[in-house]
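The values are calculated or read from the model by the stated rules, or taken from the named source; none is laboratory data. From a predicted model like this one, the values you see are computed outputs, not experimental measurements. Backbone-built Cβ (ideal geometry, glycine too); neighbour counts: all protein chains shown.
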Amino acid sequence: MPRDDGIGAAVRRKEDFRFVTGQGSYTDDLNRPGQTYAAFVRSPHAHATLNSVNTSTAATMDGVVAIFTGQDLLDTEVNGLPCGWQVHSKDGEPMVEPAHPALAQGKVRHVGDAVAVVIAETLGQARAAAEAVQVDYGELPGVGNMTAAKAGKAQVHEEAADNQCYDWELGDEAEIDAAMAKAAHVVELPLVNNRLIANPIEPRVAIGDYDTATGEHTLFTTSQNPHVIRLLMGAFVLGLPEHKLRVVAPDVGGGFGTKIFHYAEEAIVTWAAAKVRRPIKWTSDRSEAFMTDAHGRDHETIAKLGLDADGKFLALKVQTDANMGAYLSTFAPAVPTYLYATLLAGQYTTPLVYANVRAWFTNTVPVDAYRGAGRPEAAYVIERIVEEAARKIGMDPADLRTKNFVAPDAFPYQTPVALEYDSGNYAGTLEMAKQAINYDGFAARQAASKAAGKLRGIGFSAYIEACGIAPSAVVGSLGARAGLYEVANVRVHPTGSVTIHTGTHSHGQGHETTFAQVIAERLGVSIENVDVVHGDTNNIPFGMGTYGSRSLAVGGSALAKALDKVEAKAKKIAAHLMEASDTDVEFKDGQFTIAGTDKCVAFGDVALTAYVPHNFPHDELEPGLEEQAFYDPANFTFPAGCHIAEVEIDPDTGTVTLANFVAADDFGNIVNPMIVEGQVHGGIAQGVGQALLEGCVYDEEGQLVTGSYMDYAMPRADNLPNFTVDTQVTPCPHNPLGVKGCGEAGAIAAPAAVMNAVTGAMRAAGVTKPIDMPATPSKVWAALHAS
Amino acid sequence: MQSVSMTINGKHVSGEVEGRTLLVEFLREHQRLTGTHVGCDTSQCGACTIHMNGEAVKSCTMLTAQADGAEVSTIEGLANGDELHPMQEAFREHHGLQCGFCTPGMVMSATALAKRNSSPSEADVRHWLEGNLCRCTGYHNIVKAIMAGARAMNA
């Protein structure tokens, strides 16, 4: 009998009681004794010189404790915010990497760029005084998009005369062009991957505190990776050693990537708290979030696919422009290069792939990783152009895909774009998805829609992603300035209960439950007797945090390795108690036994013996039962699957209704199927949001048009249907749990599925020119009525 | 400053507030009831939803003074000790939450729906949630939870 709280069980979440009763402890719920409040003075202009910042009136206002400007940071040698990844252009030159001051110095470069911070006794006083800071801006022309940046309508940074950050390539362009020239069919498609705003419902918060007695700085922050923030802020910005800098990320209300990065406000409150010798709290409001949280996507691409006469893919050539925004955020340069172009083989045997990616500075908020980060952009390019190719050569889109899939017996499979896929069965998930949506019945459903005056379309997306980020040596050779291993510590207490310390961070993913399930399975301890601790650099040895669907694949693997050590030591203790050799000891369901005898010791007795070592092998072992492991993955993991969307369009209004959405995913082994389904639902909703609703809009000069939930269309309950989700299991062969990761799949797969359905429905009405995301009613109606 | 008094979760409270103090501020900062959350500044997200005199309202969109003399209930008042309210239990059972930030507002909004409609359909629930945003769940499991919770509340 498998345990009802072990691996594979749909256990209800341990963390839910506190959340459903309003007892979560989010950063804004914390207050420190003697706390002050920070309000930032932010640029209303996209691009301007800072002629002067006059704080004299504001400084005299009620409750004001201190005001700091960019000059104060220069004077005290506070450095700019670092970028964690260096990309080299195809000519070998490093990317242009301009300074990113935490408070603007000399110039502001996007709406929301921070100019000064006011610290006051109350939030109201801080805000009032911030209003009274007089800034003399010299307005400059701005570039609000890549077209304007390329045309040189303004220069964002002195170092980048043409606004270009890098011009990078992967593959051999001449070889690709030669192959393309011989192709029987060549399909070309221009694509825009619309700019998005992650919008976790909890806005960012940062509280800085300084202990005058110990000299310890503490930052409480809404972060997905507190150790990474400690590393970046301590070593690069403030010059604080790790033992005097504590970073705490308590309950965090959603991240989706945008809470990975190190932000100016974190450094400012930490630095200023030591200056004013009082705690400082900053809470972003939603308007501030729209103009300071790193945005996502924003690619413009021209893709070309060459096929032979039978529909075999010969070559894929991709030219992409990627918007970096005004400054380089923590992982920004890696997103459109190593997290994007390396995925362009998709699930297919395409022998030649070439990508050229140019990154540009604009007068907009920095762009960085958002759920999927590079991989949704890659899946969108591949799956849109494959669908387009099927239409052009008159093949069924499922058949064209199947014809080109990497076969289940071809793994490990070396792609032409650097990655080696570990395992998979792509035809398996495609077939599952076809069955789930009743693909054979589509023609009849389309006819019924037509009879009702509607247009119906169906669209596939057979995506792949590289997760379990990442083998440190590999990413190091590609320009990453950090290692991407993970750490776990397993502390078995004297009475047999267990505390796990993990360097990953849960902000919705349910680690407190799934990590406990791994313990239950391995040690036979009920999940009620397991606590999972994360989010505090003083409690946890180290860690790189949660992003890139890495928590279970990398953090869970570290946990499994630590458990190996716990089990090995516990076996030795049990062997001593049973007067046997540890090689004869078996451990199952929480019991140590000797085969062929009735000798038996319970795990709890071994734990007690470890801490009350009266009868203990002291010559061989130390007392105690606590082990730690670092795990650096051997490879990425490669979750993959097939999502299918079916839409109905009302040609009179242009409204697209998502009639059905099915997902068949392969995440390897699954620890908690309930949580996995929830992750897929959430990802799909964000992907559908990108396809149909969401889009961050700047005007030509860089003024933010979509600055609130009134203007930026978040998916709401009545925009979405229920989803049908299912999984196939092809275990990951190179990590101990056989898991691949599930957090990003929906956001990666869904946009192409929905847009293939929308463009398919429109094509049936004679519209062959594809529209770009989001497929809003006005855009769809205009396209239908232009024809 | 202005004197206000009201009943919150069955307990009489009073205090002095500035005229501009929002009800959510009074709950979170003055009463330390931090289960009610703030997720936006345009009355869109619904994370601050509470009940005033039995109706679901957004506590970020009203002044504390407007609640003077009212019966207010928040997420903290729903469970009976360790025993969850049926709607809270339904959210837990159906995995209707991930990060938990929108959850208090969702649950308070859902219990108000259940009082009007003892067996809401999927469409009823999706329509009712127009004032509550969730970025984690895609709503699928929230809708399931509310349908089940409403039935449990009215059983």
Q: Give the residue, chosen from A:ARG375, A:ARG445, that is assigned by TED's automatic domain parsing to the domain that holds A:ASN756 and among the charged types (D, E, K, R).
A: A:ARG445
Q.
All but one of (1) closer than 28 Å to A:ALA116 by Cβ; (2) in contact with an Asp or Glu (Cβ under 8 Å, 6 or more places away or on another chain); (3) more than 14 Å from chain B (Cβ to nearest Cβ) hold for A:ALA274; state the number of the condition that does not hold.
A. (2)
Q. What are the residues in the stretch A:154-209 that are within 14 Å of chain B (Cβ to nearest Cβ) and among the basic types (Lys, Arg), if any?
A. A:ARG204
Q) Which residues, counting only those in the stretch B:130-139, are at the interface with another protein chain (Cβ under 8 Å from one of its Cβ atoms) and either in contact with a Gly (Cβ under 8 Å, 6 or more places away or on another chain) or surrounded by fewer than 24 Cβ atoms within 10 Å (Cβ to Cβ) (or both)? A) B:GLU130, B:ASN132, B:LEU133, B:ARG135, B:CYS136, B:THR137, B:GLY138
(Q) Could you check the stretch A:269-285 and list, in sequence order, the residues that are over 26 Å from B:THR42 (Cβ atoms) and part of a helix (DSSP H, G or I)? (A) A:THR270, A:TRP271, A:ALA272, A:ALA273, A:ALA274, A:LYS275, A:VAL276
Q | In the stretch A:128-149, residue farthest from A:PRO33 (Cα to Cα) [restricted to those that are surrounded by fewer than 17 Cβ atoms within 10 Å (Cβ to Cβ) and not small (Gly, Ala, Ser)] | A | A:THR147
Q: Look at the stretch A:697-726 and say how many of its residues are at the interface with another protein chain (Cβ under 10 Å from one of its Cβ atoms), of a type in the set (D, E, K, R), under 30 Å from A:VAL143 (Cα atoms) and surrounded by 18 or more Cβ atoms within 10 Å (Cβ to Cβ).
A: 0
Q. When the stretch A:192-211 is examined, which residues are found to be assigned to a loop (DSSP other than H, G, I, E, B) and more than 22 Å from A:LEU231 (Cα to Cα)?
A. A:ASN194, A:ARG195, A:ALA198, A:ASN199, A:PRO200, A:ILE201, A:GLU202, A:PRO203
Q: Please give the number of the condition A:GLY624 fails out of (1) within 14 Å of chain B (Cβ to nearest Cβ); (2) without any contact (Cβ under 8 Å) to a residue 60 or more places away in the chain.
A: (1)
Q: Would you tally the residues in the stretch A:18-71 being within 14 Å of chain B (Cβ to nearest Cβ), surrounded by fewer than 21 Cβ atoms within 10 Å (Cβ to Cβ) and farther than 27 Å from B:ASN9 by Cβ?
A: 2
Q. Can you spot a residue in the stretch A:3-17 that is more than 14 Å from chain B (Cβ to nearest Cβ), surrounded by fewer than 17 Cβ atoms within 10 Å (Cβ to Cβ) and under 26 Å from the mean Cα position of the chain (by Cα)?
A. yes
Q: Give the residues of the stretch A:596-635 that are touching a strand residue (DSSP E or B) at 6+ places or on another chain (Cβ under 6 Å) and part of a loop (DSSP other than H, G, I, E, B), sorted by residue number.
A: A:LEU625
Q | Leading residue by the ranking (farthest from A:VAL78 (Cα to Cα)) among those in the stretch A:213-265 that are touching a Lys or Arg at 6+ places or on another chain (Cβ under 6 Å) and polar (S, T, N, Q) | A | A:GLN224
Q | Single residue of the stretch B:71-81 satisfying the filter (facing chain A (nearest Cβ under 8 Å) and out of contact with any Ser or Thr (no Cβ under 6 Å at 6 or more places or on another chain)) that is nearest to B:TYR139 (Cα to Cα) | A | B:ILE75
Q: Those residues that are under 22 Å from A:VAL533 (Cα atoms) and acidic (Asp, Glu), I need them from the stretch A:549-601; list them, please.
A: A:ASP564, A:GLU567
Q: Among the candidates A:GLY695, A:GLY683, A:GLY687, A:GLY678, single out the residue that is assigned by TED's automatic domain parsing to the domain that holds A:GLY743 and either part of a loop (DSSP other than H, G, I, E, B) or farther than 30 Å from A:HIS511 by Cβ (or both).
A: A:GLY695
Q: For A:ASN51, indicate whether it is more than 18 Å from A:LYS281 (Cβ to Cβ), part of a strand (DSSP E or B) and in contact (Cβ under 8 Å) with a residue 60 or more places away in the chain.
A: yes
Q. Where in the stretch A:357-451 are the helices (runs of 4 or more DSSP H), entirely inside, with at least 1 residues that are closer than 30 Å to A:LEU81 by Cβ?
A. A:375-393
Q) Can B:SER14 be described as surrounded by fewer than 20 Cβ atoms within 10 Å (Cβ to Cβ) and more than 14 Å from every other protein chain (Cβ to nearest Cβ)? A) yes
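Matching residues to (1) of a type outside the set (Ser, Thr, Tyr); (2) touching a helix residue (DSSP H, G or I) at 6+ places or on another chain (Cβ under 9 Å); (3) in a loop (DSSP other than H, G, I, E, B):
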residue	(1), (2), (3)
A:VAL11	yes, yes, yes
A:ARG18	yes, no, no
A:ASN31	yes, yes, yes
A:TYR37	no, yes, no
A:THR57	no, yes, no
Q: May I ask you to list the residues in the stretch A:36-95 that are of a type in the set (D, E, K, R) and farther than 30 Å from A:MET544 by Cβ?
A: A:ARG42, A:ASP62, A:ASP72, A:ASP75, A:ASP91
Q) Restricting the search to the stretch A:223-271, which residues are within 14 Å of chain B (Cβ to nearest Cβ) and farther than 17 Å from A:ILE540 by Cβ? A) A:GLY253, A:GLY254, A:GLY255, A:PHE256, A:GLY257, A:THR258, A:LYS259
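Can you confirm whether B:THR61 is surrounded by fewer than 22 Cβ atoms within 10 Å (Cβ to Cβ), within 14 Å of another protein chain (Cβ to nearest Cβ) and closer than 15 Å to B:PHE26 by Cα?
Spelling it out, B:THR61 is indeed surrounded by fewer than 22 Cβ atoms within 10 Å (Cβ to Cβ), within 14 Å of another protein chain (Cβ to nearest Cβ) and closer than 15 Å to B:PHE26 by Cα.
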